[in-house]
Amino acid sequence: MGRKGQNKQQKLKPSIHCNGLPKAGEGNLKLSPLRKNDLNKLVDKLLKVTSTLGANNLNRSYEIHLEMDKLLHKIMSIEEEINVDLPARDESSFENLTSWMINNGAKIEGVELAQFEDYGYGLKAINEVKEGDFMISVPRKLMMTTDLARKSELEYLVKNDTLLKHMPNIILALFLLLEKNKSTSFWESYIKALPSSYPTVMYFTPQQLEALKGSPVYESALKQCRSIARQYGYLHDLFQKSTDPASDILRDVFTYKQYRWAVSTVMTRQNLIPTTQPENPMILALIPYWDMGNHDNAKLTTDYNIEVDQSEYYSCRDFTAGSQVFMSYGARPNSDVFLHNGFVHMNNMHDGVRLRLGVSKSDPLVEARKALLSEIAVPHSSEFLLTPGPVEGKLLAFLRVFNMDKDQLEDWKKNPSRFDLLHPQCAVDTSIEKRMWQFLGTRIKLLLAAYPTSLEEDEKLLLTKKEMTPCLKLAVLLRLSEKRILTKVLAYVEDHLKQ
């Protein structure tokens, strides 16, 4: 793993992507006053729609999404006239990126960039690689960071705009757009090697998003699309009205497509790196070349070496010559990597399904339940993770407390061994255990029933429908992985009920 024990190094968790191919676009054009007026009216409507109340209801939320999608298509149709797409990347883009990296102090040993089926671009082992071998180091000066963004043309807006003050991910996305739209940029080789689109939910059609129905991720996906659209509208108006240096650069080239691309780039590639500032010890960064690594189940083997101010990646395991060299993103379920990275890992050893539970305010024993849960540091309302193995401790404790009667709650509140409620072998009354497993089994059955398709139908769909779009395939893979977990947990629950 290399250097993980050194005090002056900190772990980085890569956030990598699926790669696409950009389109060429040169010679930016300004919109006519009439077309700009049409665009501004559409953006005003978009802001109103994305600020609509009542979106907590899923059906209403989807209706709002459909309204929003229609407006965005009209907006994109007008903005196509501006013509600000990225240049098409090809093999020369990666050659230029590699040369730029090495010429500016990066070290790349034993790997090169290559395409892999089902992965897009990734890191390929040139020769045999052993676990712990040094692979890549990237000095800070090559990284695009929020620190640099705050000192760029964005400085005025970051200091004075309420939204930007508190959202470093948006700052980094706008910094990327600034550098992309300059005639010359230090990061030109990096930007030209980036994909032009991503399989993040902002790129899903409404029909592809509907394929997530039943999944706990469905609501989050709708919220994310809505949030990005609202941000776009807000920033569009901001750049039109402001006269600061950043607005002067972005005013006539800021489009929804560009913003969606920049946000997706940051979302799928951002990493935290340390600083020497006590008030801001960690900042967001885009780390060129290193962010081409794809994920697999493995140990975290990237360090940040503060002493020489660079990120360093060491091989997470042995790799044969010509094979893809992977890295780990850390322990994250598919719901997270789907929403924030645009992929699904079917062999994810850290996968789980989020189950939202809470003590109802109308429960006559609400205060007693909340008091006992507080005593054992378990939230009275939260999203718990259902995993294929044994039920996690805090979820186990919540379920037990949730299914206690008044006397049982009082007894356990006084019990010095109340933290045992978090453990499988807790000496809890059998009536509580039975009610608990019955309750959990019912909830899982309800979750499975909420999907419009069965596990078997999804498996068949993936086998028979070869021409499925990448986004639709991701949605099907996600719901399939969730159903497999829920089915395994249900079997686990039913085994306990038989005992």
- Would you point out which residue out of Ala321, Ala331, Ala298 is hydrophobic (A, V, I, L, M, F, W, C), free of Cβ contacts under 8 Å to residues at least 40 places away in the same chain and open to solvent by 60 Å² or more (accessible area, probe 1.4 Å)? Ala331
- Conditions (1) modelled with pLDDT under 95; (2) part of a helix (DSSP H, G or I); number of the one not met by Trp261: (1)
- Among the residues of segment 250-305, the number that are among the hydroxyl-bearing types (Ser, Thr, Tyr), closer than 25 Å to Leu238 by Cβ and in contact with a Ser or Thr (Cβ under 8 Å, 6 or more places away or on another chain) is 2
- Query: If you take the residues in segment 458-492 that are in contact with a strand residue (DSSP E or B) (Cβ under 9 Å, 6 or more places away or on another chain) and of a type in the set (Val, Ile, Thr), which one is surrounded by the most Cβ atoms within 10 Å (Cβ to Cβ)?
  - Reply: Val489
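Given the criterion among the acidic types (Asp, Glu), exposed (fewer than 13 other Cβ atoms within 10 Å of the Cβ) and either out of contact with any Cys (no Cβ under 8 Å at 6 or more places or on another chain) or more than 20 Å from Ser189 (Cα to Cα) (or both), identify the matching residue among Glu63, Glu91. Break it down stepwise before answering.
Values: Glu63 fails: exposed (fewer than 13 other Cβ atoms within 10 Å of the Cβ).
Being among the acidic types (Asp, Glu), exposed (fewer than 13 other Cβ atoms within 10 Å of the Cβ) and either out of contact with any Cys (no Cβ under 8 Å at 6 or more places or on another chain) or more than 20 Å from Ser189 (Cα to Cα) (or both) holds for just one of Glu63, Glu91, which is Glu91.
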- Within segment 301-313, can you find the residues that are assigned to a loop (DSSP other than H, G, I, E, B), touching a Pro at 6+ places or on another chain (Cβ under 7 Å) and surrounded by 16 or more Cβ atoms within 10 Å (Cβ to Cβ)? Ile306
- Task: Can you confirm whether segment 102-109 contains a residue that is out of contact with any strand residue (DSSP E or B) (no Cβ under 8 Å at 6 or more places or on another chain), in a helix (DSSP H, G or I) and crowded, with 16+ Cβ neighbours inside 10 Å?
- Result: no
- Item | From the options Asp244, Asp252, residue that is within 30 Å of Lys141 (Cβ to Cβ), acidic (Asp, Glu) and surrounded by 16 or more Cβ atoms within 10 Å (Cβ to Cβ) | Asp244
- Log entry, pairs with first residue in segment 228-243 being closer than 19 Å to Leu172 by Cα, second being assigned to a loop (DSSP other than H, G, I, E, B), beta carbons closer than 6 Å, six or more apart or on different chains, reads Phe239/Arg251; Phe239/Phe254
- Message: Can you tell me which residue is farthest from Gly352 (Cα to Cα) among those in segment 460-483 that are assigned to a helix (DSSP H, G or I) and of a type in the set (Val, Ile, Thr)?
- Response: Thr464
- Task: Sort out for me the helices (runs of 4 or more DSSP H) sitting completely within segment 371-457 that have 2 or more residues that are open to solvent by 60 Å² or more (accessible area, probe 1.4 Å).
- Result: 406-414, 430-450
- Task: Quick one: count up the residues across segment 120-158 that are part of a loop (DSSP other than H, G, I, E, B) and either closer than 25 Å to Asp296 by Cα or open to solvent by 60 Å² or more (accessible area, probe 1.4 Å) (or both).
- Result: 9
- Scan segment 159-189 for residues that are surrounded by fewer than 19 Cβ atoms within 10 Å (Cβ to Cβ) and among the hydroxyl-bearing types (Ser, Thr, Tyr) and jot them down. Thr162, Ser183, Thr184, Ser185
- Considering residues of segment 225-241 that are open to solvent by less than 30 Å² (accessible area, probe 1.4 Å) and within 19 Å of the chain's Cα centre (by Cα) only, the residue farthest from Leu177 (Cα to Cα): Cys225
- Given the conditions (1) in a helix (DSSP H, G or I); (2) more than 25 Å from Glu153 (Cβ to Cβ); (3) open to solvent by 30 Å² or more (accessible area, probe 1.4 Å); (4) in contact with a Phe, Trp or Tyr (Cβ under 8 Å, 6 or more places away or on another chain), which single one is not true for Leu222? (3)
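The values are calculated or read from the model by the stated rules, or taken from the named source; none is laboratory data. This structure is a prediction, so every number in the text was calculated from the model and none was measured. Reconstructed Cβ throughout: ideal geometry from the backbone, glycine too, with neighbour counts over all protein chains shown. Quick note on the areas: whole protein, heavy atoms, side chains included, nothing else; ligands and nucleic acids left out. Shrake-Rupley method; radii C 1.70, N 1.55, O 1.52, S 1.80 Å.
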